[in-house]
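A.B. asks: Take a look at the following structure, please.
Read the figures in this text as sums done on the coordinates, not as results from a lab. None of these values were measured; they are calculated from a predicted model. Positions of Cβ are backbone-derived with ideal geometry, glycine not excepted, and every protein chain shown enters the neighbour counts.
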Amino acid sequence: MSARWLLVALDGMDSVLLERWTADGSLENLAALRRCGVGVQLAAPKGVTDDGLWASFQYAEGLGEHGRYFWWQQLQSGKMGMAFSDEAGRQSFWNALSDEGWRVAVFDIPKCGRPQPLNGIHLADWRVHGHYSQLPRSFPEALASDVVDKFGAPSPRGEQYREFPLSNAAMLSELQTLKRSIAGKLAASQQYLRADNWDVFMVGFSEAHSCSHHLWATNAHSDDQAVGVQSPIYSLYRQLDSAIGELRDSAGHDAELVVFTPTTIVPNATVEHLLPTLQARLNWQLGGPGLASRIFSAQSGSRLQRAILPVLKQLKPPEVCRALHYNENCLALRIVAPNSSPVNTMQLRLDQLESLLAELQVTENSRPAFAGFDRPSSTLPGKRASQLPDLLALLEPGMVPPAVSSPRLGLITAPTPKHRPGNHSNGGYLLSSSIDFSQVAMLEGVGPLLQKAMQA
């Protein structure tokens, strides 16, 4: 048995290291793929989350079309919930392939909606980072329990670690757990790959995702190459490279091979510890009386501040902007305004909000608190663009300020939190044995090009 097309998704693998270690031959199988095929960098909207990127891949359309910007967001019902709950009945590009008669296997691609009937199999939420369901789901329904019975339990739900930095023992334990997960995923996918003649077999490995969040402090991006190759990250990437070589052997060397990662990884950043005070002061400035500005900008600890700040903390400010659930390394905000508000009022509010945030500086070094801004709901095209955040304030990698200040918002301070060392950033990478993916700028273009190539 074999596959015409083998697609391997490396969730959370760093594109910079993937490109580096395929260029110098460190990842032997992927380096050979790059030498004989093509390597393409993938772009993405500023500040996009991995959940948004996986939805773009699944549905072969941009963020403004599918509207999933995070895993937890406001649903069409008005309630908060899992974003995929609003996606029932939407067709993935692999279902379109199935409708054309292709034999398709989708094996644990991350962040998927509910598996739908197709000409083949679909396993979801077995060994992924960030489960969308309590238990693995599949089509046919018996597939999930068969995989668990034969190849082991699903990966734990939620973050395994909450306290950082990890001890050496904890890092070693995490690495060994992830390596066992890769071995189990390889064994399971090989069994189902060999069980049929597939037109396309897709398999997702998510172990690099946890590694990137938890073990990034091992300095894989160091200019000292010796540090890089001794890191747990390098060790894990080598095992993933070996697994891809074995999968290609199982698929048959005539199979077209496509391997990609959707993001790069950078040192994590956050202002979540400052957010309660920051959001309140933004709202007081945008919607409250002018006195608020004088209070915040008054000399820290002055009589005016001592008298009024405790009172303001007890009062609820008018809600003009609202922070959204999002990745730590971006501040995502929505303008709260009646539906009848004219567009120019919305733009005015955004301009005011961006101006306030742009003034903020890190108190200890006077650097800007935010590296840049974007307005997804108004700049990205698509019928669901209005669901996206109105403003993203982007943090420079590694930025976890204990205090920020500005003339209008005053001093905002809070203890810095324990946080994951690494997080996702824009820029993926794709390798292909023969398809010219140079025309694909973003992840949503992979499915249509695969479909076009298979129809040729």
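A.B. asks: If you consider only alpha-carbon coordinates, what radius of gyration and Dmax does the chain have, in Å?
C.D. replies: Rg, Dmax (Cα atoms, Å): 23.6, 80.
A.B. asks: For Leu331, Leu430, what's the fewest-to-most ordering of other Cβ within 10 Å of each Cβ? It would help to have the intermediate numbers written out before the result.
C.D. replies: Details: Leu331 27, Leu430 23.
Listed from fewest to most nearby Cβ atoms, that is Leu430, Leu331.
A.B. asks: Another question, if that's okay. Give me Met442, Met13, Met80, Met202 ranked fewest to most by other Cβ atoms within 10 Å of their Cβ, as a rough exposure proxy. Intermediate results must be reported in sequence, preceding the final value.
C.D. replies: Details: Met442 18, Met13 29, Met80 10, Met202 23.
Neighbour counts put them in this order, fewest first: Met80, Met442, Met202, Met13.
A.B. asks: Treat each spin label as a single point 7 Å out from the Cα along the C-beta direction, and report the Arg180 to Leu135 distance in nm.
C.D. replies: 2.2
A.B. asks: What's the exposure ranking of Lys383, Lys79, Lys185, Lys46, going from fewest to most Cβ atoms within 10 Å? Write out the running numbers ahead of the final one.
C.D. replies: Details: Lys383 11, Lys79 8, Lys185 27, Lys46 17.
With the fewest neighbours first, Lys383, Lys79, Lys185, Lys46 line up as Lys79, Lys383, Lys46, Lys185.
A.B. asks: Compute the separation of the alpha-carbon centres of region 78-139 and region 416-437 and state it in Å as a whole number.
C.D. replies: Taking the Cα centre of each part, region 78-139 and region 416-437 sit 22 Å apart.
A.B. asks: For the chain, calculate the relative contact order in percent as a whole number, restricting contacts to Cα pairs under 8 Å that are 6 or more residues apart. Don't skip to the end; give the middle numbers.
C.D. replies: Values: 914 pairs, mean separation 128.4, N = 456.
Once divided by the residue count of the chain, the mean separation gives 28 percent.
A.B. asks: I would also like to ask the following. Mind running the shape call on region 21-175? Use the C-alpha gyration tensor, a ≥ b ≥ c as the square roots of the eigenvalues: rounded below 1.5 for a/c, prolate if a/b tops b/c, oblate otherwise. Display every interim value, and only then the final one.
C.D. replies: Values: a/c = 1.27, a/b = 1.13, b/c = 1.12.
The shape class here is rounded.
A.B. asks: Just from the alpha-carbon atoms, what are the Rg and Dmax of region 10-112 in angstroms?
C.D. replies: Considering region 10-112 through its Cα atoms, Rg and Dmax are 16.8, 51 Å.
A.B. asks: What lysines does Lys383 reach when the alpha-carbon gap must be under 23 Å and sequence neighbours fewer than 8 apart in one chain are set aside?
C.D. replies: Cross-link targets: Lys46, Lys79, Lys111.
A.B. asks: For the chain, what proportion of DSSP beta bridges, expressed in % and rounded to the nearest 5, is antiparallel? It would help to have the intermediate numbers written out before the result.
C.D. replies: On the way: 36 of 57 bridges.
Looking only at bridges with both residues in the chain, the antiparallel portion is about 65 percent.
A.B. asks: Evaluate E = 1/(1 + (r/R0)^6) for Ser77 and Asp149, where r is the Cβ-Cβ distance and R0 equals 22 Å; express this FRET efficiency to the nearest 0.05.
C.D. replies: On the way: r = 37 Å, r/R0 = 1.66.
With R0 = 22 Å, the Cβ-Cβ based efficiency is 0.05.
A.B. asks: Express in nm, to one decimal, how much length is gained between Arg157 and Ala195 on full extension, taking 0.36 nm for each residue of separation and deducting their alpha carbon distance. It would help to have the intermediate numbers written out before the result.
C.D. replies: On the way: separation 38, 0.36 × 38 = 13.68 nm, distance 2.94 nm.
Roughly 10.7 nm would be gained on extension.
A.B. asks: Kindly provide the helix-only [θ] at 222 nm of the chain, computed as the sum of -39,500 (n - 2.57) over DSSP H runs of four or more divided by all residues, to the nearest 500 deg cm²/dmol? Walk me through the numbers before you get to the answer.
C.D. replies: Details: 16 runs with 172 residues, N = 456.
That calculation yields -11500 deg cm²/dmol at 222 nm.
A.B. asks: Right, here's the next one. Suppose the chain between Gln352 and Gln91 were pulled fully straight at 0.36 nm per residue; how much longer would it get relative to their current alpha carbon spacing? Before the final figure, lay out each step's value.
C.D. replies: Values: separation 261, 0.36 × 261 = 93.96 nm, distance 3.96 nm.
Net length gain for the segment: 90.0 nm.
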